[in-house]
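A.B. asks: There's a structure below that I have some questions on.
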Amino acid sequence: MESAIEDDLRHQANSATRGHAEAVGDITANQARQIVAFQRGLITAQTYDNQAGMLNAEGAQGGPAALSTQEFFIGINDPVGFNGSVPFSPFVFTLFDAWSSMPSPQRGPIVDAREAIARGHPVQHGPEGAGEGGPRRIPSLAVGGTSAIERFVAISVLTRDLRTSRSC
């Protein structure tokens, strides 16, 4: 998979150079590697919400700085245990847990918005910890389609009532 992503990024870099920059020829392999290395080093994430304000305020972990410190690899939270190094956890949406019950002498729209964001986490985890109503099993074909394995996948829809009510 890593190679496929790198191949796609190299192709994208060359296409952008030929198309947008109107280059006459293809970029060199070395230029493509440098562009891909640069792209792979970029981290983007939302930092501000119009109602909640800064997404890293009051102990929340939103934004690119917090994201840049998180370990990641494809399959990191594999419920079957194929990654071999990081144990599975159904509780993966923890960035805004600090906002779940904010003590504040002044209730207002910012605190209400932050608590609404935090309320999305239990809805994602659900009563059994993996989606509203618990985990759903769906078949997932292995690469090449030679075998199928069952995977637990959280499927949930955040309705307006759950997003805005105070008693989830």
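A.B. asks: I'm checking my understanding of the structure. Among residues of the range 2-44 that are of a type in the set (S, T, N, Q) and surrounded by 10 or more Cβ atoms within 10 Å (Cβ to Cβ), which one is nearest to Ser68 (Cα to Cα)?
C.D. replies: Across the range 2-44, the extreme among qualifying residues is Gln39.
A.B. asks: Among the numbered criteria (1) surrounded by 15 or more Cβ atoms within 10 Å (Cβ to Cβ); (2) touching a residue at least 24 places away in the same chain (Cβ under 8 Å), which single criterion is violated by Gly59?
C.D. replies: (1)
A.B. asks: What number of residues within the range 79-116 satisfy the criterion of being of a type in the set (Lys, Arg) and closer than 14 Å to Ala57 by Cα?
C.D. replies: Qualifying residue count for the region: 1.
A.B. asks: Every residue in the range 37-85 that is small (Gly, Ala, Ser) and more than 23 Å from Pro103 (Cβ to Cβ), please.
C.D. replies: Ala37, Gly41, Ala45, Ala65, Ser68, Gly75, Gly81, Gly84, Ser85, listed by residue number.
A.B. asks: Can you name the number of the only condition in (1) of a type in the set (Ser, Thr, Tyr); (2) assigned to a loop (DSSP other than H, G, I, E, B); (3) at pLDDT 90 or above that Thr44 fails?
C.D. replies: Status for Thr44: all satisfied but (3).
A.B. asks: With Ala13, Ala52, Ala57, Ala98 as the choices, which residue is farther than 30 Å from Arg114 by Cβ and either modelled with pLDDT of 90 or more or in contact with a His (Cβ under 6 Å, 6 or more places away or on another chain) (or both)?
C.D. replies: Sole residue among the options that is farther than 30 Å from Arg114 by Cβ and either modelled with pLDDT of 90 or more or in contact with a His (Cβ under 6 Å, 6 or more places away or on another chain) (or both): Ala13.
A.B. asks: Still on this structure, please answer the following. Can you confirm whether Val24 is of a type in the set (Val, Ile, Thr), outside any loop (DSSP other than H, G, I, E, B) and either over 30 Å from Pro109 (Cβ atoms) or modelled with pLDDT of 90 or more (or both)?
C.D. replies: Answer is no for this residue.
A.B. asks: Among the residues of the range 56-94, which ones are touching a Leu at 6+ places or on another chain (Cβ under 8 Å) and assigned to a loop (DSSP other than H, G, I, E, B)?
C.D. replies: Ala60, Gln61, Gly62, Gly63
A.B. asks: Taking the range 38-76, which residues are under 23 Å from Glu6 (Cβ atoms) and among the polar types (S, T, N, Q)?
C.D. replies: Gln39, Thr44, Ser68, Gln70
A.B. asks: May I ask you to say which residue of Ser89, Ser15, Ser85 is among the hydroxyl-bearing types (Ser, Thr, Tyr) and over 20 Å from the mean Cα position of the chain (by Cα)?
C.D. replies: It is Ser15.
The values are calculated or read from the model by the stated rules, or taken from the named source; none is laboratory data. Computed from a predicted structure; not experimentally measured. With ideal geometry, Cβ positions are generated from the backbone for all residues, glycine too; neighbour counts draw on all protein chains shown.
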